1. Jot down the radius of gyration and Dmax of the range B:260-318, Cα atoms only, both in angstrom.
2. Among A:24, A:10, A:45, which residue has its Cα positioned farthest towards the positive end of the charge dipole of chain A, with +1 placed on the Cβ of Lys and Arg, -1 on the Cβ of Asp and Glu, and the dipole taken about the Cα centre?
3. I'd like the residues of the range C:166-213 whose 1.4 Å-probe accessible area shrinks by no less than 20 Å² going from the isolated chain to the full set of protein chains.
4. When the convex hull of the C-alpha atoms of the range B:178-282 is computed, what volume per residue in Å³ does it have?
5. So how much accessible area does residue C:204 have, in Å² to the nearest 10, using a 1.4 Å probe?
6. At 0.890 mPa s and 25 °C, plugging the Kirkwood radius over alpha-carbon pairs of chain C into Stokes-Einstein gives what diffusion coefficient in µm²/s?
7. Angle check, please: helix A:3-25 long axis (alpha carbons) against the longest principal axis of chain A (alpha carbons), in degrees 0 to 90, nearest 10.
8. With N set to the number of residues, divide the alpha-carbon radius of gyration of the range B:224-359 by 2.2 N^0.38 Å and report two decimals.
Amino acid sequence: MTLSLQLFLASGGILWLTGLYGLWRNSDPIRRIISLNIMGSGVFLVMVTLARRETSTDPVLHALVVTGLVVAVSATAFALRLAVASQQEKR
Amino acid sequence: MMTDIQTILPVAIVLSSLIPGLLIFSLKESQHRLRITLNLAGVFSKLLLVGWMLHGVSQGQQFSFNITFLPGADLILQGDALSLQFVALSSVLWLATTIYAIGYLEGSAFRSRFFGYFSLCVSATVGLALAGNLVTFLVFYELLTLATFPLVVHRGTDAAIRAGKVYLAYTVSGGVLVLMGVALLHALAGTPDFIPGGYLSPLVDQHQAGLTLAFVLMVLGLGVKAALLPVHGWLPQAMVAPAPVSALLHAVAVVKAGAFGIIRLVYDVYGIETLSLLQLTEGLMILAAATIIYGSIRALQQTEIKKRLAYSTVSQVSYITLGVAMLGPIAAIGALVHLVHQGLMKITLFFCAGNFAETLNIHHIREMNGLGQRMPLTMAAFTIGALGMIGVPPIAGFISKWYLGLGALETGQSWILWVFVCSGLLNAAYFLPLLYRGWFAKPAVEWAAHPQAKRPASVWNETHWMLLWPTLFTALLAIVTGILAGSDFSPLAWAQLIVAREFAP
Amino acid sequence: MNAALVSMVVPFFAAMLVLMWRPQQQSWLVIVASIVSLLAAMMALLSVIDSGPQSLNLGGWESPLAIRFQLMPVNALLIVTTAVIHLIVVCFAASSHHCQSIKQAFWPLALLLHGSLVALWLSMDLFNWYVTLELLGLAAVSLVTLAGHKALRAALDYLLLSLFASLTYLLGVVMLYGQYGTLDIALLATLTEADRVTQTALLLISAGLMLKAALWPLHLWLPAAHSSAPTPVSALLSALVVKAPLFILWLLWSRVAPSELAVPMGFWLALLGGGALMIGGWSACRTPHLKTLVAYSTVAQLGYGLLALGLLLHWQLNDLQAALWLFVVAHALAKTSMFLAAGEIQASTGKKRLNSLRGMTLTMPVALFAFAVAGGSLIGLPPSGGFIAKWLLIQPMLIEPAHWPWALLVIIATLLSAAYVFRVVSQGFRQSSVSATATEHGKSAQWLALLPAILVWLMALFSEPLLQLMDVFSA
């Protein structure tokens, strides 16, 4: 495993941890949703990096990332809608 | 053909109260005729079936029914001599109590609920008596707890709910201890059928700690229902329940379920040999003796009639445990016959207390003054019960105390005789004043002002006939079993039959 | 296998149908779909009994690329349980007087939840579990929002925590894939070694799953979400949804994890289970609200599952999986009954507090009876399903004197559960100051609430075939 790959892996991990920190520190729903997306990006970064760990690209991981992105987008949309609704309720 | 009946009969005995009970739940309050019919049909069919089985067992037939349940532990209902002693007692007393309860609750609310649970209780008691192994016993033991709770809180007042919670706290904890003990024994030895002489003797060397722990757990757990000393506190509290409940359940069925469990445990699970090797009965004996004395002293301190009777129950039921713990055959006869005799006498006393409360609203001892003039028949029944408790011949209580005393001598535990003497004196001390007040004192102002205070024309009308007749019936039984103790059909003869089978080499 | 697939596809298909076609009588379509799914599930169970475990590679791919479905006795049983509970719950929702206000969205969402659950039980693949967990989470959160505005906040918290847990799970899965190059459980089981990456990955996955299953101490979201949801939804969530992560957790640690890691982890899981039993039980004894009490009881009862799982791993004792899954099934049935009864009572009195139950033995006897009967199984009174599970759990604890402290834990847990069940029941026996009269309407809903409670007691009669089923599997 090359150094640059390790660098990518490490950034993925750092992104995940950053998202975790954001989720833990914030109470505002929008910020928490963004933090979750940052966590997600970290995981996806790790996935695409791992796909390059052998000479040929691993298609399985790419497929997984695509699936993961679809899930993340729909979940985020739903979460945003809920956040808006609950804000309106408060007002 | 005969074999079919031998399988079905034990289940039929349980179902004969269970099915009417379940049907009664579905009835509306107003359908009281149908409810009474169902109740009586249940009572009489049960009596018939029990009589049939009694006859069969005395002829040496085997009755057994089983279905698979847990791995290595089927649900078994079987009739042996010991279970029938208890089944017969509860069935006969169920008859008396059902009639009493119909009279007692006439016109009050929630009768369908009451009689439904009442029948369930009797089913659980009978099932527990017929249980053929420890797991089956456990099942019915827990069901009995569940079915009695609604009866304790029946009145729904704050006091009743409080007492119900205390009752549950004790009985559920006890149930958990029994469960743990049964599970522990199952882990060590499996769950074979009850067998005279027990089945644990091969394990004594290897699993001494496990067997000891299981015994302690189960005796503590059963001790809750049998009202043994540190865990007896629920019994006086549960007296808030309606009189028939106190009479049948708290004086007879529930406490006897505990005592009966101890009998099973000592004779048919551990066996006398194993227990003397493990040296566990010494502690049980001391505990029972302490309960006898303690219960009597506390009874002396009570000013309410029902509370005094409750503590008297605490004391008297421990005679059974003590007799069992002595491990001798004569003491065993005493214990087994006391199971029946105490039931007859105590239910009479509770019926009387209920009659006093129902007719003249008398709850305290000081209000009993001169009651003999107004309610001579009830007071006479009360006298029979009380004298029997003290141990005056020829009433039933004398017989059991006689055998227990002989048993103490036989096993060389002469200190127990002193316990009996002491307790007998205390019994006299807390019962005789009541009799004196009832017969010889001037009528108390409390009831003299009661609208019902005037004596009716006929003595038979001193209270509702459904309250009076069951009382007289059980009082009569208490005398008859005492006088005819020597005959072939008395509880004593049956106890001797049990002991002959249990102690057979 | 085909029957199991039918049991999964029918709810999905019916959900689509309901969404697109929007028939007038949605409830009937949903009930029919649930019945079909239940029949298929039963056929699947029978086929497992007849011919043993079966597997299917989706789309005809070969392993390691294939996504594999497998039908085993345990998940066949779970599929049947899922179908039974869904059928009862949708019937309840259709018949209860108080569920009329539930929006039409309930029907397709409930079907979606059903299908996702069956898909999860059938999957044997780490990533497919991620997808099904997400489906399940989204359906569950949407169902919670049906309770209206007041539930939105709880729903949002539930969603965010669920997404966070999924990402934690996903990171662990990716690490495992990076290490071993496969997502299939059976293949992973042959490859895993006790190294640091594997350990970290397993711990991440477990943390995510435990959060989703509300296993103590990650349970804080559950009482709010489950008690604010509409009644049929609460029942589905407590009975089924929280069990899904437990299933994955079990397969992961008992199959995939090497025993060097599983044995010490088992100890900690068992301790956490004990914590859940204590804290959950205690909270249930303290809360003033009826539905919150039932929700805390879920937290406590999940502790039994975790305890059984932990001890199974710690002692490497496969017998305990029968205890684990009987707990899950018994709890699912009992909890359905409890939530339906509690919801029906709460809806008819219009009050959330426990003391509004006064006099319920007169006004709603069947609902209160259902609550008590279901509670009996939670306490573990014989002869109920809960009793059998507990019996199997305590047997290995008792046989060794060194294990007796665990039995003490079970004793305390039993007493706590008895305390919170009878807290409710004794309120019902209290005399009511207002002279309430029995309400005739809503009778069928009350009986439906009683049905699963009766089923859980009937489990005791069928304990032998059930245990045989489990034995087939462990052999």
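1. Taking only Cα atoms of the range B:260-318, I get Rg and Dmax of 14.7, 45 Å.
2. A:24
3. Buried on complex formation: C:167, C:170, C:171, C:174, C:177, C:178, C:183.
4. 99
5. 30
6. 111
7. It is inclined by approximately 10 degrees.
8. Against the empirical 2.2 N^0.38 Å value, I get 1.06 for the range B:224-359.
The values are calculated or read from the model by the stated rules, or taken from the named source; none is laboratory data. Note that the coordinates shown come from a computational prediction; the quantities given were computed from them, not determined experimentally. In this analysis, Cβ positions are derived from the backbone assuming ideal geometry, glycine residues included, and neighbour counts consider all displayed protein chains. The accessibility values were calculated without ligands, DNA or RNA, using every heavy atom of the protein model including side chains. Shrake-Rupley method; radii C 1.70, N 1.55, O 1.52, S 1.80 Å.
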